[in-house]
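The values are calculated or read from the model by the stated rules, or taken from the named source; none is laboratory data. Bear in mind the structure is a predicted one, so any value in this text is a computation, not a measurement. Note that each Cβ is placed from the backbone with ideal geometry, even for glycine, and that neighbours are counted across all protein chains shown. Accessible surface is based on the protein model in full, side chains and every heavy atom, while ligands, DNA and RNA are left aside. Shrake-Rupley method; radii C 1.70, N 1.55, O 1.52, S 1.80 Å.
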Amino acid sequence: MKIGLISLGCDKNRIDSENMLAYLQDDGYELTGEPSEADIIIINTCGFIDSAKQEAIDTILEMAEYKKDKCKYLIVTGCLAQRYMQELEKEFPEVDMFLGTANYHKLPILIKNMVGGQGEKCYVNDKDDRKFSSKRVLTTPYHYAYLKIAEGCDNKCTYCAIPNIRGKYTSRKIEDVVEEAKSLIKDYGIKELIIVAQDVSRYGIDLYGEIRLIDLLKELSRLDVEWIRLLYLYPEQVTEELIEYMAGNPKICKYVDIPCQHVSNKILKLMNRKVTKEQIVDLVDMIRRHGDFTIRSTFIVGFPREEQEDFEELKEFISTARLDRCGFFAYSLEDGTPASRLDGQIAEDVKLQRQEELYALQESIMADKLKERIGSVVEVIYEGIDYDLQLFYGRSSHDAPEIDTKVYFYADMPVEIGKIYKVKLQEVDGIDYFGKVVEM
């Protein structure tokens with residue numbers, strides 16, 4: 001039987017999907033990227049905020065249409081299934097099995113039971129159930145891969161449902177992470193490792209009684225890899241020791257993704273964020289003292305009780321801090337979270353207006369910051385060809401896949417996907433650069 005899998009949501013969810021594909025491939029199933037060819041379709045869902053839930057529901061309905069033709073079974077896994085399994089079972093009779101956020105290693109036997117008319121329709125797992133796996137079928141281009149170093153979260157931000165879905169923070173052993181990285185490098189020729197977790201900055205605290213992120217990075221840096229990128233560092237745990245280490249290690253990208261979420265101390269307290277505006281300002285200054293770091297962050301607008309003066313304080317911070325990359329999200333009321341019970345909920349049109357204001361401001365800041373790099377020479381990992389533009393394209397070490405700036409370039413000599421080249425940036429168009437290879 002052929003199995004097709006659609007992975008929605010974050011890169012951590014993508015790794016779960018890659019684990020599932022590996023288990024299924026080992027059990028003899030043929031994998032296909034075309035839903036129209038699949039006997040079984042699996043949808044690995046996200047259930048974090050309203051837009052992600054709607055995307056998952058739309059995808060379930062879309063994939064259910066294939067059951068009118070070749071597809072015999074439809075399986076829904078992941079965060080949405082874990083969070084709303086009983087409701088989904090009633091709403092979607094077309095789905096043959098629901099599986100939560102764990103027990104993916106049992107998927108081959110669960111499918112056999114399903115095909116044989118045995119087993120259950122719903123498998124809710126303990127959210128703290130953990131079975132990390134190094135088995136992967138890579139779904140990214142072969143020159144980069146995501147590497148999950150922990151699961152779950154203990155931060156308990158009042159707006160977030162992740163602890164209820166994914167459970168407590170659980171780190172993987174250093175040796176297990178390193179072995180998986182070795183396998184990815186050996187099997188696929190990975191050049192860039194992207195370290196992910198709900199909170200990378202707390203790595204090891206539960207397992208070793210202290211944060212061991214630098215120790216992990218030292219081990220990974222010994223491997224035959226060009227770039228190591230860190231995503232999702234919570235501000236209160238980003239120490240000067242960590243930034244100094246990153247600045248001094250040539251393999252680690254000078255790129256920090258720090259979700260600040262707000263800067264009004266009133267709102268930060270309501271969010272149960274363990275940081276103040278003053279600490280965030282000091283953190284940005286400290287990072288910049290240590291070199292040419294790209295700083296990315298996310299912010300939530302329209303949080304309950306966010307008054308105009310709180311929003312203006314955030315807007316002023318965005319204007320003066322001039323971060324390199326920012327994402328802005330309208331607050332999404334999530335069932336079962338403490339913030340959902342707060343009074344002072346903000347009207348949707350106000351949320352969207354505030355979100356649009358901040359995006360317009362950040363676009364202007366980013367345009368200026370991109371122009372500052374014109375004329376410089378940067379290392380670019382070559383990722384593909386834009387046939388309309390008749391140009392190669394890739395990313396610098398200052399840019400993460402799929403969300404950041406691309407570098408379009410031409411070269412006088414043949415180039416090879418996954419290789420890193422020195423490119424002189426000649427002009428900028430929107431959020432993308434154009435340049436030429438100056439050193440092979």
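With each pseudo-label sitting 7 Å past Cα toward Cβ, what's the Glu62-Lys436 distance in nm, one decimal?
4.2 nm
Taking the structure as given and computing Cα Rg over 2.2 N^0.38 Å, which label from [x] 0.94; [y] 1.01; [z] 1.15 fits?
Computed from these coordinates, Cα Rg over 2.2 N^0.38 Å corresponds to label [y].
Check the cysteines of the chain one by one and keep only those with no other cysteine Cβ under 4.7 Å from their own.
Cysteines lacking a close Cβ partner in the chain: Cys10, Cys46, Cys71, Cys79, Cys122, Cys153, Cys253, Cys260, Cys326.
Taking Rh as the Kirkwood radius, which is the inverse of the mean 1/r over Cα pairs, what is the Rg/Rh value for segment 1-83?
Working: Rg = 12.3 Å, Rh = 12.8 Å.
Reported Rg/Rh (Cα atoms, Kirkwood Rh): 0.96.
Exposed loop sites here are chymotrypsin sites (Phe, Trp or Tyr not before Pro) in DSSP loop states with at most 16 other C-beta atoms within 10 Å. What is the longest stretch of the chain lacking them?
Formally, the longest exposed-site-free interval is 143-386.
What is the calculated FRET efficiency for Ser340 to Gln426, with r their C-beta to C-beta distance and R₀ = 51 Å, to the nearest 0.05?
After rounding to 0.05, the efficiency reads 0.55.
Residues in segment 17-33 near a label at Glu402, defined as backbone nitrogen under 20 Å from the 7 Å Cα→Cβ point?
Only 17-23, 32-33 pass the distance filter.
Provide the FRET efficiency to the nearest 0.05 for the Lys135-Asp215 pair, computing r from the beta carbons and using R0 = 35 Å.
Using R0 = 35 Å, I get an efficiency of 0.90.
Could you give log10 I(q)/I(0) at q = 0.16 Å⁻¹ for segment 239-396, computed by the Debye formula over C-alpha point scatterers of equal weight, without solvent?
-0.99
Carbon and sulfur atoms: what percent of the 1.4 Å accessible area of the chain do they account for? Mind dumping the intermediate values first?
Values: 9110 of 19320 Å².
So the carbon and sulfur contribution to the accessible surface is 47 percent.
Taking the Cα centre as origin and putting +1 on Lys and Arg beta-carbons and -1 on Asp and Glu beta-carbons, what dipole magnitude results for segment 1-160, to the nearest 20 debye?
Around 380 debye, computed over segment 1-160.
Which FRET efficiency, nearest 0.05, do Asn265 and Asp128 yield, Cβ-Cβ r, R0 25 Å?
Result of the calculation: an efficiency of 0.15.
Towards the positive end of the charge dipole of the chain, with charges on Cβ (+1 Lys, Arg; -1 Asp, Glu), say which of His262, Pro235, Ala22 has the farthest Cα.
Result: Ala22, furthest along the dipole toward the positive end.
Please report the relative contact order for the chain, taking Cα pairs under 8 Å with a sequence separation of at least 6, and give it as a percent rounded to a whole number.
Taking the mean separation of contacting Cα pairs over the length of the chain, I get 10 percent.
How many nm is it between the label spots at Glu94 and Leu207, if each spot is 7 Å from the Cα in line with the beta carbon?
The answer from the label model is 4.1 nm.
Under a cut-off of 22 Å between alpha-carbon atoms, report the lysines in cross-link reach of Lys371, not counting same-chain residues fewer than 8 places apart.
Lys254, Lys406, Lys422, Lys424, Lys436
So how much slack lies between Gln86 and Glu241, counting 0.36 nm per residue of separation and subtracting their Cα-Cα distance, in nm? Numbers along the way, then the final one.
Working: separation 155, 0.36 × 155 = 55.80 nm, distance 4.67 nm.
This chain segment gains 51.1 nm when fully extended.
Given points 7 Å out from each Cα along the Cα-Cβ axis, report the Glu120 to Lys168 separation in nanometres with one decimal.
With each label point 7 Å from Cα toward Cβ, the separation is 2.3 nm.
Any aspartates and glutamates with Cα under 12 Å of the Lys186 Cα? List them, leaving off those in the same chain fewer than 8 positions away.
Qualifying aspartates and glutamates at Cα under 12 Å: Asp224.
Charges on Cβ only, +1 for Lys and Arg, -1 for Asp and Glu, centred on the Cα centroid of segment 53-111; of Phe98, Ile111, Leu80, which one is farthest towards the dipole's positive end?
In segment 53-111, that residue is Ile111.
Given the pairs Lys135/Lys173; Lys168/Lys191; Lys112/Lys173, which span a C-alpha to C-alpha distance of over 27 angstrom in this model?
Among Lys135/Lys173; Lys168/Lys191; Lys112/Lys173, the Cα-Cα distance tops 27 Å for Lys168/Lys191; Lys112/Lys173.
Which GluC sites (Glu not before Pro) in segment 250-310 pass both tests, a DSSP loop state and at most 15 other beta-carbon atoms within 10 Å?
Sites meeting the loop and neighbour criteria: Glu307.
Report the one residue of Tyr169, Ser376, Val301 whose Cα lies farthest in the direction of the positive end of the charge dipole of the chain (charges on C-beta: Lys and Arg +1, Asp and Glu -1; origin at the Cα centre).
Farthest towards the positive end: Tyr169.
With the Cα gyration tensor of segment 91-157 giving a ≥ b ≥ c as the square roots of its eigenvalues, does the rule (a/c under 1.5 for rounded; else a/b larger than b/c for prolate; else oblate) give rounded, prolate or oblate?
Note, shape of segment 91-157 comes out oblate.
Kindly provide the trypsin sites (Lys or Arg not before Pro) of segment 332-381 that DSSP labels as loop, not H, G, I, E or B, and whose Cβ sees at most 14 other Cβ atoms within 10 Å.
Passing both the DSSP loop test and the Cβ count: no residue.
Whole angstrom only: what separates the Cα centroid of segment 374-431 from the Cα centroid of segment 139-183?
Between the Cα centre of segment 374-431 and that of segment 139-183, the gap is 29 Å.
Is there a quick way to get the dipole size of the chain? I mean about its Cα centre, with the Cβ of Lys and Arg at +1 and of Asp and Glu at -1; what is the value in debye to the nearest 20?
Computed about the Cα centre, the dipole is about 980 debye.
Exactly which GluC sites (Glu not before Pro) in segment 377-439 are in a DSSP loop and have at most 10 other Cβ atoms within 10 Å?
On the way: sites: Glu379, Glu383, Glu402, Glu416, Glu427, Glu439; in loops: Glu402, Glu416.
In loop regions of segment 377-439 (DSSP not H, G, I, E or B), the sparsely surrounded GluC sites (Glu not before Pro) are Glu402, Glu416.
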